[in-house]
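Structure record follows, encoded as structure tokens.
The values are calculated or read from the model by the stated rules, or taken from the named source; none is laboratory data. What you see is a predicted model, and the numbers here were worked out from it, not measured in a lab. Using ideal geometry, Cβ is built from the backbone for each residue, glycine included, and neighbour counts are taken over all protein chains shown.
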Amino acid sequence: MPPSLPSTESPQPDDGSSLPENDPRLILATARLKSAGLRVTQPRMTILEALCQQRSPVSIEQLHAGLPAGACDLVTVYRCMAAFERAGLVRRAVIHQGTSLYQVAFGQAETYHVVCRASGNLELLSPEVSRELQRAVAAAREELRAKGYLEIAYMLEFSGVAPRS
């Protein structure tokens, strides 16, 4: 069964444990923060660590609910996510009924999803289709860079009504 969209539950990590400080994704995230001119702060690293543990895209509210108590307030999570998106650390995966869902945009293959408009369930597209979409996105980004565009962002959303199983 595909994962469902945002609920009131806190997001859960893949294996229930936190990432070690020498995790390659956190090292890469730290380097990207610095190269984007962003300070490496404890709230930013806590948020990035929580994002790296997610199996599927999460809303900002879900992410905040899953952070350790007192790690940072909801406004800080919103501000950090906006900065991370500009820096290319996260991307909006889908927007469903006005709720943006985010996932890390580094250290793992980019994935694409389809959301069922009837049930709200989220389903991954196949790795083959995701690779083709990645190639098309890379070509579009390159064309835009050649035209002089900076801070390029995109959002690709698929939705439909899933067949009944």
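I'd like to check something: does segment 55-65 contain any residue that is at positive phi and modelled with pLDDT under 90? Lay out the reasoning, then the answer.
If we filter segment 55-65 for residues that are at positive phi, which is where we start, we get none.
The answer is no, given that none of the residues of segment 55-65 is at positive phi and modelled with pLDDT under 90.
How many of the residues in segment 134-165 are under 17 Å from Val90 (Cα atoms) and of a type outside the set (Lys, Arg)?
Of the residues in segment 134-165, the ones under 17 Å from Val90 (Cα atoms) are 134, 137-138, 141, 150-157.
Next cut, of a type outside the set (Lys, Arg) only: 134, 137-138, 150-157.
Adding up the residues that qualify gives 11.
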Assess whether Ala118 counts as being farther than 26 Å from Leu28 by Cα, hydrophobic (A, V, I, L, M, F, W, C) and modelled with pLDDT under 90. yes
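For Arg86, indicate whether it is in contact (Cβ under 8 Å) with a residue 40 or more places away in the chain and farther than 30 Å from Arg39 by Cβ.
So Arg86 does not fit the description; no.
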Do you know which of the residues in segment 66-93 that are assigned to a helix (DSSP H, G or I) and within 12 Å of the chain's Cα centre (by Cα) is surrounded by the fewest Cβ atoms within 10 Å (Cβ to Cβ)? Ala82
Selection count where residues are under 15 Å from the mean Cα position of the chain (by Cα) and at pLDDT 90 or above, scope segment 1-48: 5
